[in-house]
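Quick notes on the structure that follows.
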Ligand code: CA
């Protein structure tokens, strides 16, 4: 770790990883974070190659447009260097790196970005993510297939759709120019920070630590407090009142601060081969953080897989729903069967009748029907019994209903 009054770069291997695949740089005008990935010897090499090439762009430019062009060109040149390295060292195949960089020209920032490292602007107490993650899950969020909350816990959240590497000769790099002003704090970080520390915690750390170095250290500490499963790199740039960049020694942290080691890594992987043969599972253990080429077929395959997962979830729900409906239906049948054990006496077509079922219906559904017509005209009944029959008389069972009818018949004859 090292610092100067206006910018600071800090990188930490984290608590789980054995090597740091991140690289960071804070220079006179240029500030960059790169997060490497792929292979057992590739990730740290990828971010180091990229940073070492991109820092050639750390110069004073006439305009922000010039700076934007220079920065983008530097990323494209780094992409070619990575492809060359893979060509010469096959064991590096599949390596790649994110790059997020700011190149300052006066009160403007030229920005270049690819991958899922992030650039945030902290201004007037508010934190804004300036870059968009080039991740599979962000695609799903953008297309409305999942919510940002679902993205945060999605099993494929670490899959990148775009990186620098040996995959694409002309990678799609986001660039833009943003105005800056005194008091602005620009944060560039790897996902080792942003995946484990909430935006709210980041904002809080920046608001409580006005000192650049303290704030950057606090952010790394926040990640360590969350267990720091990944390498974590923070580059923080404070735009001061004067708006001037002070001359200082550029700082490189992480993998790019070390000599490139892939030749010795290659030797080591050759030595490791017999172990891998003894434990073939180890050899195929996937890298937890990896990228995928942004081909339409591949994207379609990923989305199909996501759909299948969603379908499996739907099927589970449908089975559960069917079970609930079956239980409810069984209840309804039992309840209906019970109603059919009940009898009552009522009026039907101007005569007394015995009904099977209950008087109450379920909306339009009637739960009773005429069981037996008696032939006793309602008109023959005394007024009290007439109204009783019209409002129905409950019976305990069929014989009871017949007994009631017998009594009515006697009264009708009188
Ligand atoms: Ca990472």
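What follows is calculated from the coordinates using simple rules that are stated; it is not laboratory data. Every value quoted in this text rests on a predicted model; they were computed, and no experiment measured them. Cβ placement follows ideal geometry from the backbone for every residue including glycine, while neighbour counts extend to all protein chains displayed.
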Inset, instruction - Multiply the residue separation of residue 128 and residue 347 by 0.36 nm, subtract the distance between their alpha-carbon atoms, and state the gained length in nm to one decimal. - result: 71.1 nm
Inset, instruction - Name all residues of region 164-203 having a backbone nitrogen under 14 Å from the label point set 7 Å from the Cα of residue 63 along its Cα→Cβ direction, giving them as ranges. - result: 177
Inset, instruction - For every helix of n ≥ 4 consecutive DSSP H residues, a contribution of -39,500 (n - 2.57) applies; sum these over the chain, divide by its total residues, and give [θ] at 222 nm rounded to the nearest 500 deg cm²/dmol. - result: -13500 deg cm²/dmol
Legend entry - By average C-beta atoms within 10 angstrom, highest first, the peptides 8-14, 364-370, 66-72: 8-14, 66-72, 364-370
Legend entry - Förster radius 51 Å - calculated FRET efficiency between residue 156 and residue 335, Cβ distance, rounded to 0.05: 0.60
Legend entry - Rg and Dmax of region 343-413, Cα atoms only, in Å: 11.6, 38
Legend entry - Nearest-ten-degree value, helix 212-225 long axis tilted from longest Cα axis of the chain: 50 degrees
Inset, instruction - State, as an integer percentage, the relative contact order of region 1-156 based on alpha-carbon contacts under 8 Å between residues 6 or more apart. - result: 18 percent
Inset, instruction - Quick one: check the C-alpha center-to-center distance for region 22-57 versus region 125-161, whole angstrom. - result: 23 Å
Legend entry - Efficiency of FRET between residue 300 and residue 397 - r from beta-carbon atoms, R0 51 angstrom, step 0.05: 0.15
Legend entry - Spin-label pair residue 310/residue 387, simplified geometry with 7 Å Cα→Cβ offset, distance in nm: 6.5 nm
Legend entry - Burial order of peptide ranges 398-410, 187-199, 313-325, 86-98 (average beta-carbon count within 10 Å, highest first): 187-199, 86-98, 398-410, 313-325
Inset, instruction - Give the calculated FRET efficiency between residue 16 and residue 325 to the nearest 0.05, with a Förster radius of 56 Å applied to their Cβ-Cβ distance. - result: 0.75
Inset, instruction - Can you tell me the relative contact order of the chain? Whole percent, Cα pairs under 8 Å, sequence separation 6 or more. - result: 19 percent
Inset, instruction - Quick one: grab the alpha carbon gyration tensor of region 91-154, order the square roots of its eigenvalues as a ≥ b ≥ c, and give me rounded if a/c is under 1.5, else prolate or oblate depending on whether a/b is larger than b/c. - result: oblate
Inset, instruction - State, to one decimal in nm, how far the label point of residue 80 lies from the label point of residue 406, with both points 7 Å from Cα in the Cβ direction. - result: 11.2 nm
Inset, instruction - Using a 10 Å cut-off on Cβ atoms, rank the peptides 152-164, 225-237, 341-353 from the highest mean neighbour count down. - result: 225-237, 152-164, 341-353
Legend entry - Centre separation in Å (Cα based) which lies between region 302-338 and region 169-212: 46 Å
